[in-house]
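See structure below.
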Amino acid sequence: MSNKVDFTAMDHATKADYDLVFEHDEVNIQGQASRVVQWLRLMDGDSPYQISRLDHCLQTATRAQRDGADDETVVCALLHDIGDVIAPANHSQAAAALLRPYVSDKNYWIVLNHGLFQGYYWMHYFGQDRNARDQFKDHPYYQACVDFCAHWDQPSFDPDYDSLPLEYFIPLVEKLFARRAQSLV
Ligand SMILES: [Fe+2]
Ligand SMILES: [Fe+2]
C-alpha cells in the first residue's frame with residue numbers, strides 16, 4: 001500500500017504532498033513499456049483483415065527493420081496503430097501522443113499523420129479526396145510519411161509475410177520508453 005497525501009482537494013496540498021505524488025509518478029513511468037506491450041497484445045483478436053491488428057503492427061515493424069530503419073523508427077512502425085486500443089476515432093493522434101515525449105519530431109509527425117496519408121488508398125471509394133494529404137506537400141516530412149505508408153503500412157496485411165515475433169521487438173520498446181521522457185504535461 002502506498003503512502004498517502006494529506007489533501008482531498010489540490011488547493012489544500014503542500015509541497016511534501018506533491019513530492020510523494022511525483023515519487024509515485026517516477027515508478028509509474030517505469031512500467032510504461034510493459035503496459036504498451038500489453039496494449040499490443042490486446043490487438044491480437046478478430047479483424048476483418050486477413051491478419052489480426054497485432055500481426056499488422058508486427059508486419060509493419062518487420063518491414064521497417066528489414067529496410068534498415070533505426071530502432072526508434074522501428075518502434076514507431078510497431079506502435080503506429082496502437083491508438084486503436086483506446087481511441088479508434090483518432091488512432092493516429094493517440095499513438096502520436098503516446099510516442100511524442102520519446103521520439104524525434106519527424107517520427108512524431110509521421111505517426112500523427114499516417115492515418116490521413118493512408119487515406120490515399122481508400123478515401124476515393126467513399127467520395128472523399130484521396131489526395132487530401134497533399135495539403136502537406138511542402139512539409140519537410142511529407143515524403144517520409146508517404147514512404148512510411150507506401151513501403152511499410154499499406155502492404156502489411158499479408159498473411160504469408162514472415163513477420164518477426166512480438167518478443168523480438170520488446171527490448172526495442174523497453175529501450176525507447178527507458179529514455180528520459182520530455183515532459184509535456
Ligand atoms: Fe493507422
Ligand atoms: Fe497501419
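Just a few scattered comments:
- Rounded to 10°, Cα long-axis angle of helix 105-118 versus longest principal axis of the chain: 50
- Springs join every pair of Cα atoms under 10 Å in this Gaussian network model of the chain, and among ILE86, ILE110, ILE170 the largest mean-square fluctuation is at ILE86.
- Listed residues LYS137, LYS15, LYS106, most fluctuating in the chain (Gaussian network, C-alpha, under 10 Å): LYS15
- Here the contact order of region 12-177, divided by its residue count and restricted to Cα pairs under 8 Å and six or more residues apart, works out to 26 percent.
- Whole-angstrom gap from region 1-56 to region 109-132, using each part's C-alpha centre: 31
- Three-way shape label, region 42-90, alpha-carbon gyration tensor, a/c 1.5: oblate
- Axis angle, to the nearest 10 degrees, between helix 15-30 and the longest C-alpha principal axis of the chain: 30 degrees.
- Taking the Cα centre of the chain as origin and assigning +1 to Lys and Arg Cβ atoms and -1 to Asp and Glu Cβ atoms, the resulting dipole is close to 220 debye.
- Loop-resident sites, region 1-59, for chymotrypsin sites (Phe, Trp or Tyr not before Pro), counting at most 15 other Cβ within 10 Å (DSSP): PHE7, TYR49
- Around PRO171: net Lys/Arg minus Asp/Glu count, Cβ-Cβ under 15 Å: -3
- Of ALA64, ALA96, ALA87, the one that fluctuates the most in a GNM where the chain has Cα springs shorter than 10 Å: ALA87
Bear in mind these aren't lab numbers, they're just calculated from the coordinates by the rules spelled out. Remember, it's a predicted structure, so these values are computed and weren't measured experimentally. Note: ideal-geometry Cβ built from the backbone for every residue, glycine included; neighbour counts use all protein chains shown.
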